[in-house]
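Peer 1: Have a look at this one.
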Amino acid sequence: MHPPLADPVPAAAPPLSQRRLAVELVIVLLLSLGASALWSVLQFVDLSTRAAPIGEQQVALNPARSDRAWLDLSYQLTGIALDLVPVALVCWLLWRSRRPHLGALGIDAARPVRDALSGALLVLVIGVPGIALYVVGRQLGLTVSVVPSPLDAEWFTVPVLLLSALRAGLTEEVIVIGYAFERLRRLGWGDGRWGMWPIILAAAALRGVYHLYQGVPALFGNLAMGVLFGWLYARTGRLVPLVVAHTLIDVAVFVGYPWAFATFPQLFG
């Protein structure tokens, strides 16, 4: 009687070819923020070709999806969960068997306090100029009026807005910075005489385009933010401070902006 055959040892997966890497990158982007960029361009064309100037038009910020509270909450939570699926996909694609498992994305738990403080400092660098740019854009009639959700709409409004801010921070920074930088670097974009700048500018351009629906000033403001975030990531290799900063900025926008909108309607209305 022959002994049972041992299970064959699986061969190591061959490295991805340049073509497969490029196709994977395109697919991931079209499932996430690349698709947002396409929709943003179409929305900007729509707003620009209407009879009313862009400055007289409005875009709702986190609008209600139903007049029934339980259904609106279901819509909001489902939307947030589905938006995080591409983030999960990226984490799956770049997961390492050894710790730090998400080191290829610049994510680890080596210095959480320092990362959090660095992110909070970035809020001051990005947030204040961003608010000023929006106000100037509104005064010049180049930026749409962003209408916020009222904070007292339902008992779950503020928690959902906080989750939406976290969703935005994770989605944009993990995909546009962590994932795109890793894949573009492997495609050779960072090997030329300009170093990492082709990657930094490409990621920043994508960030600017998917905010174009708010107007041209939003495009340039987010382009500048993308350049700063990309440069910091290229220097430090750490993504958590960028996620923290982006989340806190959106918390200020989603929760603080409704208060400012009601208190200073002449600036924001």
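Peer 1: Checking the structure you have, find out if any residue of the stretch 16-35 is part of a helix (DSSP H, G or I), surrounded by 14 or more Cβ atoms within 10 Å (Cβ to Cβ) and at pLDDT below 95.
Peer 2: No: the stretch 16-35 contains no residue that is part of a helix (DSSP H, G or I), surrounded by 14 or more Cβ atoms within 10 Å (Cβ to Cβ) and at pLDDT below 95.
So that you can scan it fast, the table gives a plain yes or no per residue for (1) under 27 Å from Val146 (Cβ atoms); (2) of a type in the set (Ser, Thr, Tyr); (3) in a helix (DSSP H, G or I); (4) in contact with a strand residue (DSSP E or B) (Cβ under 9 Å, 6 or more places away or on another chain):
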residue: Val176; (1), (2), (3), (4): yes, no, yes, no
residue: Phe181; (1), (2), (3), (4): no, no, yes, no
residue: Ile199; (1), (2), (3), (4): no, no, yes, no
residue: Ala205; (1), (2), (3), (4): yes, no, yes, no
residue: Gly226; (1), (2), (3), (4): yes, no, yes, no
residue: Ala252; (1), (2), (3), (4): yes, no, yes, no
residue: Tyr257; (1), (2), (3), (4): yes, yes, yes, yes
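Peer 1: Could you give me the residue pairs with C-beta distances under 9 Å whose first residue belongs to the stretch 139-156 and is on the phi > 0 side of the Ramachandran plot, whose second residue is crowded, with 17+ Cβ neighbours inside 10 Å wherever it lies, and which are 6+ apart or on separate chains?
Peer 2: Gly141/Ile54
Peer 1: Scan the stretch 120-134 and report the pairs whose first residue is under 11 Å from Ile249 (Cα atoms) and whose second residue is outside any helix (DSSP H, G or I) and not small (Gly, Ala, Ser), with Cβ atoms within less than 8 Å and a gap of 6+ or a chain change.
Peer 2: Correct list of pairs: empty, since none qualify.
Peer 1: Quickly run through the stretch 45-78 and pick out the residues that are in contact (Cβ under 8 Å) with a residue 12 or more places away in the chain, within 19 Å of the chain's Cα centre (by Cα) and part of a helix (DSSP H, G or I).
Peer 2: Matches in the stretch 45-78: Gln76, Leu77.
Peer 1: Among all residue pairs at least 6 apart or on different chains, which show Cβ distances below 6 Å where the first residue, located in the stretch 184-195, is of a type in the set (Gly, Ala, Ser) and the second is assigned to a loop (DSSP other than H, G, I, E, B)?
Peer 2: Listed by first residue and then by second, the contacts come to Gly190/Met196.
Peer 1: Determine, yes or no, whether Gly269 is at pLDDT below 95, in contact with a helix residue (DSSP H, G or I) (Cβ under 9 Å, 6 or more places away or on another chain) and within 20 Å of Gly103 (Cβ to Cβ). Show your work before the answer.
Peer 2: Values: at pLDDT below 95: yes; in contact with a helix residue (DSSP H, G or I) (Cβ under 9 Å, 6 or more places away or on another chain): yes; within 20 Å of Gly103 (Cβ to Cβ): no.
Answer is no for this residue.
Peer 1: Going by the conditions given, is Ala202 surrounded by fewer than 22 Cβ atoms within 10 Å (Cβ to Cβ) and free of Cβ contacts under 8 Å to residues at least 40 places away in the same chain? Break it down stepwise before answering.
Peer 2: On the way: surrounded by fewer than 22 Cβ atoms within 10 Å (Cβ to Cβ): yes; free of Cβ contacts under 8 Å to residues at least 40 places away in the same chain: yes.
Answer is yes for this residue.
Peer 1: Give the residues of the stretch 55-74 that are exposed (fewer than 15 other Cβ atoms within 10 Å of the Cβ) and touching a Lys or Arg at 6+ places or on another chain (Cβ under 8 Å), sorted by residue number.
Peer 2: Step one: of the stretch 55-74, the residues exposed (fewer than 15 other Cβ atoms within 10 Å of the Cβ) are 56, 58, 60, 63, 65-71, 74.
Within the stretch 55-74, Leu71 is the sole residue that qualifies.
Peer 1: Just one of Gly178, Gly169, Gly119 is farther than 20 Å from Gly208 by Cα, of a type outside the set (Ser, Thr, Tyr) and modelled with pLDDT of 95 or more; which is it?
Peer 2: Values: Gly178 fails: farther than 20 Å from Gly208 by Cα; Gly169 fails: farther than 20 Å from Gly208 by Cα.
Unique residue meeting the criteria: Gly119.
Peer 1: Quick check on the stretch 212-228. Is at least one of its residues among the aromatic types (Phe, Trp, Tyr) and surrounded by fewer than 22 Cβ atoms within 10 Å (Cβ to Cβ)?
Peer 2: In the first step, residues of the stretch 212-228 are kept if they are among the aromatic types (Phe, Trp, Tyr); the result is 213, 220.
Applying the additional criterion that residues be surrounded by fewer than 22 Cβ atoms within 10 Å (Cβ to Cβ) yields 213, 220.
Yes - at least one qualifying residue is present in the stretch 212-228.
Peer 1: What number of residues within the stretch 104-126 satisfy the criterion of being crowded, with 17+ Cβ neighbours inside 10 Å and not in a loop (DSSP other than H, G, I, E, B)? Break it down stepwise before answering.
Peer 2: So in the stretch 104-126, the residues crowded, with 17+ Cβ neighbours inside 10 Å come out as 104-108, 115, 118-119, 122-123, 126.
Narrowing the set further to residues that are not in a loop (DSSP other than H, G, I, E, B) leaves 104-105, 115, 118-119, 122-123, 126.
Final tally of qualifying residues: 8.
The values are calculated or read from the model by the stated rules, or taken from the named source; none is laboratory data. Since the model is a prediction, treat every value here as computed from it, not as a measurement. As a convention, Cβ positions derive from the backbone with ideal geometry for all residues, glycine included, and neighbour counts pool all protein chains shown.
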